[in-house]
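Comments concern the structure below.
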Amino acid sequence: MPVMELSASQDRAFFEAVCAKSGQDLLRCYQCGNCTAGCPMQPYYDLAAHQVMRLVQTGQRKAALTCSSLWLCAGCGQCSARCPNQLDVALILETLRHMARRAGYNPQPRVAQFSRAFLKSVHSHGRVFELGLLLRYKLASGRLLDDADLAPRLLKVGKLHLTPTSTPGQAEVAAIFRRYEQGAGS
Amino acid sequence: MSAALAYYPGCSQTASAREYDLSTRACCQTLGVELNDVPDWTCCGSTPAHATDHALAAALAARNLAQAMDTGASNLATPCPSCLLALRTAQSRCENEGFKGRVEVLLGRPATLSIRTRSILQVLMEDLGLEALAEKAVRPLKGLRVASYYGCLMTRPVGLMAFEDPDNPTAMDRLFLALGAEAAPFALKTECCGAALGVPRKEAVLELSGRILAAAEESGANVLAVACPLCQMNLDLRREQIEGYTGQRSTLPVLYFTQLLGLALGLPEEALGLGLHNVGTRPVLDILRRTWASEDVG
């Protein structure tokens, strides 16, 4: 386990911002590790969930916001369900991910590319167009052959739609994205 | 069932999970549960929106709740747990007036979101109940040993979903028992399949889904029942990928609970989309046909 000199990089404002944005009192975390014990993605994390909680408590802004774990959380909610102090750990990780994105940290580019491709699909069509989403992700990530084996299986059972369904609600959805991108509602 | 339900299908149910939508509609029709599609519904935003910005996510979800409420409906149901989570998260967060204000700016209209939102499973269990469902079953599911896999979001986040025991939900198990099947003891019923990381971090999904599949096989189940389109996709469509990763072959079919319910209700297999799976559903039908032939039903 890496040893960190905490005092030099302590950022009290960061700790307070995470508490305020998530609505969670992170001082309640007493490092029992239940969140980590129940986390299905733990083997893929660079920092365990309880370690991220500790970094926030000690105001370690950069170490917390640059870790990959924020992006690899599958959102299953097991950590929050098992926290003996009723901390919503998953929500704290998600809050950190929002902060990391705004700060320009992107240690798991493929996850971010997939998210963006998904939202772009919703923006363009009002609903998710699966084939368009995958093609957009492939182009952005360069992972052209990923899941190519699934296409013929989907085609076989008539599930691979080659064109998006158009829905009149698309205009309203596009307006939501436009206002969001213009900074409204923030 | 008295009042009609506003029905929010969700994007997956129009494409990769078409059979979930088909079988949900077919079961509800047979059971006398009236579903009225939310007019001109759009995507709930799902995980990518939530992972990006809470107000954006809430606005995308809230639009659908507002569309449903415009019809005068007071109850909404969706088959998809991820859609339900998005809708309920929007409702819960908008209880904060400041947040609601931000959502209304994005939405461009008032966010009135007081409609009651539930999953199809919850509606069937609560509004009809096991006894009524069993009564409508004309063909028993005898011979099937079902491992019921609930996934993460049927029961979590605990306070928001407020559905059954978060570690040991039993709704589907009880349903299948009432329909004449056996319920296999299945330890991983609420473990995560890896969810949407299947595309960007496939190895994680193959590991996690592989474990679920192996545990279902070990339970002696001859069918795995699911209630989530993403779980179904990972366990069914990615089967060859899982086999390649784990080295374990498995022909265990993965059916939506609505498909099994539909079979018990006497619905034809085409109406339930049983031909739309990657892993063939034939073994399930063969077992049931033998049962029905010996009991002279179906």
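None of the figures in this text is laboratory data; all of them are computed from the coordinates on show. Every value quoted in this text rests on a predicted model; they were computed, and no experiment measured them. Every residue, glycine as well, gets a Cβ built from its backbone with ideal geometry; the counts of neighbours run over all protein chains shown.
Inter-chain Cβ neighbour count for B:215-228, averaged per residue, equals 0 (cutoff 10 Å, partner chain atoms only). Along chain B, the exposed loop sites are GluC sites (Glu not before Pro) outside DSSP states H, G, I, E and B with at most 14 other Cβ atoms within 10 Å, and the longest stretch free of them is B:96-298. Couplings 3J(HN,Hα) for region B:232-239, derived from phi with the Karplus relation 6.51 cos²θ - 1.76 cosθ + 1.60 (θ = phi - 60°), are 4, 5, 5, 7, 9, 5, 8, 4 Hz, where x marks Gly and Pro. With neighbour counts taken as other beta-carbon atoms within 10 Å, the residues B:242, B:115 rank, fewest first, as B:115, B:242. Based on alpha carbons, the Rg and Dmax found for region B:169-240 are 12.7, 41 Å.
Backbone geometry of region A:176-183 corresponds, through the Karplus equation with coefficients 6.51, -1.76 and 1.60 at θ = phi - 60°, to 3J(HN,Hα) couplings of 4, 5, 4, 5, 4, 5, 7, x Hz, x marking Gly and Pro.
Taking amide H atoms as placed 1.01 Å from N in the peptide plane, the amide H of residue B:116 lies under 5 Å from those of B:75, B:76, each 5 or more residues away in sequence or on another chain. Using Cα atoms only, what is the angle between the long axis of helix A:12-22 and the major principal axis of chain A, expressed in degrees (0 to 90) to the nearest 10? That works out to roughly 50 degrees. Taking every DSSP helix (H) stretch of at least 4 residues in chain A, weighting each as -39,500 (n - 2.57) and dividing the sum by the residue count yields a mean residue ellipticity at 222 nm of -15500 deg cm²/dmol.
The reciprocal of the average 1/r between distinct C-alpha atoms defines the Kirkwood hydrodynamic radius, which for region B:211-255 equals 10.6 Å. Taking Cβ atoms as reference points and 12 Å as the exclusive limit, the residues near residue B:211 contribute a net charge of -4, counting Lys and Arg as +1 and Asp and Glu as -1.
Give the Debye-formula value of log10 I(q)/I(0) at each listed q (0.12, 0.13, 0.22, 0.23 Å⁻¹), with one equal scatterer per alpha carbon of region A:77-186, two decimals each. Calculated log10 I(q)/I(0) at the listed q: -0.62, -0.72, -1.18, -1.20. Helix B:81-93 versus the longest principal axis of chain B: what is the Cα-based angle in degrees, 0 to 90, to the nearest 10? Value to nearest ten degrees: 30. Taking one quarter of the surface of the C-alpha convex hull of the protein assembly as shown gives a mean projected area of 22.0 nm². Highest GNM mean-square fluctuation among B:230, B:56, B:65, for chain B modelled with Cα contacts below 10 Å: B:56.
Within the straight-line cut-off of under 20 Å between alpha carbons, the lysines reachable from residue A:62 are A:21, sequence neighbours fewer than 8 places apart in one chain being disregarded. Amide H contacts of residue B:37: B:7, each under 5 Å away and 5 or more positions distant or on a separate chain (H built 1.01 Å from N in the peptide plane; Pro and chain starts excluded).
Which values of log₁₀ I(q)/I(0), to two decimal places, follow from the Debye formula for region B:5-120 at q = 0.09, 0.11, 0.16, 0.19 Å⁻¹ with a uniform point scatterer at every Cα? For region B:5-120 at q = 0.09, 0.11, 0.16, 0.19 Å⁻¹, log10 I(q)/I(0) is -0.22, -0.33, -0.68, -0.93.
Rounded to the nearest whole Hz, the Karplus-based 3J(HN,Hα) values (6.51 cos²θ - 1.76 cosθ + 1.60, θ = phi - 60°) of region A:23-35 follow the sequence x, 10, 8, 5, 5, 5, 5, 10, 6, 6, x, 4, 4, with x at glycine and proline. In plain terms, the chain from residue A:161 to residue A:131 could stretch by 10.1 nm, reckoned as 0.36 nm per residue minus the Cα-Cα distance. Secondary-structure-derived ellipticity at 222 nm for chain B, considering helices only, amounts to -13500 deg cm²/dmol, per-run term -39500 (n - 2.57) for DSSP H runs with n ≥ 4.
In chain B, the longest principal axis of the Cα atoms and the axis of helix B:54-70 are about 80 degrees apart. Taking each pair of distinct Cα atoms in region B:130-297 once, what is the resulting Kirkwood hydrodynamic radius in Å? With all distinct Cα pairs of region B:130-297 included, I get 16.2 Å. For chain A, a Kirkwood hydrodynamic radius built from all Cα pairs, placed in the Stokes-Einstein relation at 4 °C and 1.567 mPa s, yields a translational diffusion coefficient of 69 µm²/s. Among A:108, A:31, A:60, the largest mean-square fluctuation in a Gaussian network model of chain A (Cα springs under 10 Å) belongs to A:31.
Amide H to amide H distances under 5 Å link residue B:143 with B:182, where only residues 5 or more positions off or on other chains count and H is placed in the peptide plane. Average projection, convex hull of the Cα set of chain B: 14.5 square nanometres.
Using a simple spin-label model with pseudo-atoms 7 Å out from Cα toward Cβ, residue B:296 and residue B:203 lie 6.0 nm apart. For a straight C-alpha distance cut-off of 29 angstrom, the lysines reachable from residue B:189 (same-chain residues fewer than eight places away being disregarded) are A:159, B:136, B:142, B:202.
Note on chain B: GNM, Cα springs under 10 Å; of B:110, B:229, B:140, the largest mean-square fluctuation is that of B:110.
Placing pseudo-labels 7 Å out from each Cα toward the beta carbon at residue A:30 and residue A:11 gives an inter-label distance of 3.0 nm. Beyond 14 Å, the tail of the calculated P(r) for region B:223-298 holds 63 percent of the Cα pairs.
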